[in-house]
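Before any comments, here is the structure.
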Amino acid sequence: MENVIEIKNLCKKYSGFELKDINLNVPKGMIMGLIGENGAGKTTTIKAILNVINSYDGQIKVFGKDSKIYEKQIKEEIGVVLDDSFLSEYLTPCDINKIMKKLYKNWDEKLYFRYIEEFKLPKDKISKEYSSGMKMKLKIATAISHNPKLLILDEPTAGLDPIARNEILDIFQDFIQDEEHSILVSSHITSDLEHIADYITFINNGEIVLTKTRDELLENYGIVKCSKEEFERIDKKDYIKCRKNRYEYDILVENKEDFKIKYDIQIIDKPSIEDIMVIYVKGEK
Amino acid sequence: MNIIISNSSNIPIYEQIKEQIKNKIVSNELKKGEMLPSIRSLAKDLRISVITTKSAYEELEKEGYVETVPGKGTYVANKNTELIREEQLQKVEGLIDTAVSIAKISKISKDEIRNMLDILYEED
């Protein structure tokens, strides 16, 4: 499968924080969810892709081209929504249109106003007066109206209510109806990505812990619930991590069916991405 | 066409889709040559990932229920209805076989089972 983003051995050192040897591919036509706790390295990784951090080690290719050398060309074809707004809140959608028309060669005014209408955003109101959900929709409309092939979003659903989050997810699925379109989206609200992301990459403490398809993760992984005695007869290579509580042990395993056959333990839950994340971070081995 | 997905079920989502489409083909609700929704639009309508619907379609294709024409779409295959019937018949036979062996162990008579069948058949 063709990749729209290819990150090879990305390393970046700050005082007190480090990205360690990040390798990540985003396949074309897919939604890749980047998950991890706050400060895990999601935003730094995204900023490296956009070439907005100073010097890093490793190589990043977007649409198969080196992201440092072809930065300008690449940016014509990506839409970006970052955590901190890059547009003044004292602008109306109409003002934004005027600005973007000058910035992007491919800016599609008609498409932009179609989104504004579809998202029910008042055209002549400054966005400061919008709700958080509306502000995010305006950012997304602004990011996708130059017909980008790749949409990169950092925490687009943070701070939004469930209804607004749901509407944002609809926008994503609409966007990838065109199989040339791909999305890289980071979030610490994992339930958002649980349904619609095709791939999940989990980043923890500056390192990638896992990259799997959504189905591998949610249909195969399991959380075994057992006693201390039962845990002691489990081979170390048969589980990923274990979280020890006073009354039960929660053990994360890669394939719940295989585990069930090998060990006679009946309680194996289907995990959510959040469960997997928590056991990875808090569990031990 | 209804496709009903349960997120809390132990059956993987791609399998739920596959089974439901298969049932519709077997029962002739989906007819030969009929076009199925595209992978991407089905994913959107069911609010699931593209890869999940793709796996369901791939399995259906492997088993010969659908055919994908690149660049056009996925269609219900011209699979021999006799063949499908034969497969279903085998499935039914297998299940009856299990029922009979349980019945024999518990000394349940042939007539009792016949009665059961009559009642079950009339139910719908």
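The values are calculated or read from the model by the stated rules, or taken from the named source; none is laboratory data. Keep in mind that this is a model prediction, so the values were computed, not measured. Here Cβ is always computed from backbone atoms with ideal geometry, including for glycine, and neighbour counts include all displayed protein chains. Just the protein is used for accessible areas: all its heavy atoms, side chains included, with ligands, DNA and RNA removed. Shrake-Rupley method; radii C 1.70, N 1.55, O 1.52, S 1.80 Å.
So here's what we get for this one:
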item	result
Angle between chain A longest axis and helix A:132-144 axis [Cα atoms, degrees, rounded to 10]	70 degrees
All lysines inside 27 Å of B:Lys24 as judged from Cα atoms, apart from same-chain residues fewer than 8 positions distant	B:Lys32, B:Lys44, B:Lys54, B:Lys62, B:Lys72, B:Lys79, B:Lys91
When the stretch A:89-190 is reduced to its Cα atoms, the Kirkwood hydrodynamic radius in Å	14.0 Å
Distance from the stretch B:77-103 to the stretch A:2-55 (C-alpha centre basis), Å	52 Å
Within the accessible area of the stretch A:233-285 (1.4 Å probe), percent carbon and sulfur	45 percent
Sequence-distant residues sharing a close amide H with A:Val80 (under 5 Å, placed H)	A:Ile152
Among beta bridges that DSSP assigns inside the protein assembly as shown, antiparallel share in %, nearest 5	70 percent
Cα-based equivalent ellipsoid of the stretch A:108-258: semi-axis lengths in Å, sorted from largest, via gyration tensor	41, 17, 12
Cα point-scatterer Debye curve for chain B, base-10 log of I(q)/I(0) at q = 0.12, 0.16, 0.21 Å⁻¹	-0.60, -0.87, -1.17
For the stretch A:74-176: accessible area per residue (Å², 1.4 Å)	48 Å²
Alpha-carbon spread of the protein assembly as shown, three principal axes, descending order, Å	84, 56, 40
Protein-protein interface of the stretch A:205-253, residues with accessible area decrease of at least 50 Å², isolated chain reference, 1.4 Å probe	A:Asp215, A:Glu219
Rounded tilt (10° steps) of A:109-118 against the dominant C-alpha axis of chain A	60 degrees
Accessible surface of chain B, 1.4 Å probe, proportion on carbon and sulfur as whole %	53 percent
Rg(Cα)/(2.2 N^0.38 Å) for the stretch B:13-76, N = residue count	1.00
Estimated dipole of the protein assembly as shown in Debye, rounded to 20 [Cβ of Lys and Arg +1, of Asp and Glu -1, Cα centre]	1340 debye
Order of exposure, largest accessible area first, which applies to A:Tyr90, A:Tyr249, B:Tyr75 with probe 1.4 Å	A:Tyr90, B:Tyr75, A:Tyr249
Threshold 20 Å² - residues in the stretch B:39-59 whose accessible area is reduced by that much or more when the chain is no longer isolated, probe 1.4 Å	B:Arg40, B:Lys44, B:Arg47, B:Ile48, B:Ser49, B:Val50, B:Ile51, B:Thr52, B:Lys54
Per-residue SASA entry for A:Asp235, accessible area with 1.4 Å probe, Å² rounded to 10	70 Å²
nm² value of the averaged projected area, convex hull over the Cα atoms of the stretch A:145-213	5.3 nm²
Estimated D of the stretch A:24-170 in µm² per second, where Rh is the Kirkwood radius over Cα pairs and Stokes-Einstein applies at 10 °C, 1.306 mPa s	97 µm²/s
Cα-based helix-to-principal-axis angle, B:110-123 vs chain B, degrees rounded to 10	40 degrees
Per residue solvent-accessible surface (Å²) - the stretch B:13-76, probe of 1.4 Å	47 Å²
Dimensions in Å of the stretch B:81-123 - Rg and Dmax from alpha carbons	12.5, 38
Where labels lie 7 Å past Cα in the beta-carbon direction, separation of A:Glu216 and A:Lys13 in nm	3.2 nm
B/A buried area, accessible surface, summed, 1.4 Å probe, Å²	1700 Å²
Largest-first principal axis extents of the Cα set of the stretch A:169-247 (Å)	52, 26, 22
By accessible area with a 1.4 Å probe, ligands and nucleic acids excluded, highest first: order of A:Glu219, B:Glu15	B:Glu15, A:Glu219
Given charges at Cβ of Lys, Arg, Asp, Glu: the stretch B:1-102 dipole, positive-most of B:Leu42, B:Ser27, B:Ser8	B:Leu42
Proximal lysines relative to A:Lys282, as straight alpha-carbon distance under 18 Å, when same-chain residues fewer than 8 apart are discounted	A:Lys225, A:Lys228, A:Lys236, A:Lys241, A:Lys244
Fraction of antiparallel bridges per DSSP, the stretch A:55-201 only, in percent to nearest 5	20 percent
Accessible-area value, B:Arg85, 1.4 Å probe, nucleic acids and ligands omitted, Å²	150 Å²
For the stretch B:15-31 and the stretch A:230-285, distance of Cα centres in Å	36 Å
